Amino acid sequence: MTSVARPGAGWPVEATTGSPEETRALAAALAPLCRAGDVVLLVGDLGAGKTVFAQGFAGALGVAGPVTSPTFALVRHYRCGPESPVRTLIHADVYRTGSVAEVTDLALAELVEEDAVVVVEWGDMAAPALGESALEVTLVVSDATANPDVRSVAVAGRGRWSERAGEVAAVLEPVAGATQGESRGR
């Protein structure tokens, strides 16, 4: 993992992970910052680590049992542990949806209002249906041939997340070496 530099005071917060375990740890560090009603959009190609991220996030919220991608179910609900900042984790995978209207039909925006946080794989496809407030986590495999486990992770918030860049950088720094960039108005 890399060291942390904080050149600016805004988004994106960037980090590098070197294994699936480190990606889970990064997600686990981020999860306690969530509040009821928060939306976390996971963006990345196939194999980028979106489900691995969701597993670490869920584990930190006290979800018991396995967390798998809801590719065919589209949405799964998990009860969070007693120490979690939210009662329910809603995990969605919108890869198989064909339009924003189909994402809207899943009613994720309404579900998240009930003391829940939603984590959406292929979140860039769902963003228009989920409102202006979200934390977007972009995962990129740096070199699939030479280093298939190394991920670049960029985290950017908007709406109710817009003022939390410092908090995000602070929790990610000890885990995966985060750098905090200049505000990009997201």
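The values are calculated or read from the model by the stated rules, or taken from the named source; none is laboratory data. Everything numeric here is computed off the predicted structure, so don't read it as measured data. All Cβ positions, glycine included, derive from the backbone under ideal geometry; neighbour counts span all protein chains shown.
Among the conditions (1) modelled with pLDDT under 90; (2) part of a helix (DSSP H, G or I), the only one that residue 55 does not satisfy is (1). One residue is enough: does the stretch 98-117 have a residue meeting the conditions β-branched (Val, Ile, Thr), in contact with an Asp or Glu (Cβ under 9 Å, 6 or more places away or on another chain), within 21 Å of residue 46 (Cβ to Cβ) and in contact (Cβ under 8 Å) with a residue 24 or more places away in the chain? No, the stretch 98-117 has no match at all.
The number of residues in the stretch 58-70 being buried (at least 22 other Cβ atoms within 10 Å of the Cβ) and within 13 Å of residue 92 (Cα to Cα) comes to 1. Note on the stretch 10-68: residues that are touching a strand residue (DSSP E or B) at 6+ places or on another chain (Cβ under 6 Å) and small (Gly, Ala, Ser) total 8.
Please state which one of 173, 121, 136 is crowded, with 16+ Cβ neighbours inside 10 Å, modelled with pLDDT under 90 and either of a type in the set (Asp, Glu) or touching a Cys at 6+ places or on another chain (Cβ under 8 Å) (or both). Of 173, 121, 136, the one residue that is crowded, with 16+ Cβ neighbours inside 10 Å, modelled with pLDDT under 90 and either of a type in the set (Asp, Glu) or touching a Cys at 6+ places or on another chain (Cβ under 8 Å) (or both) is 173. No other residue among 61, 41, 33 is within 10 Å of the chain's Cα centre (by Cα) and modelled with pLDDT of 95 or more apart from 41. Listed conditions (1) buried (at least 21 other Cβ atoms within 10 Å of the Cβ); (2) modelled with pLDDT under 95 are all met by residue 73, apart from (1).
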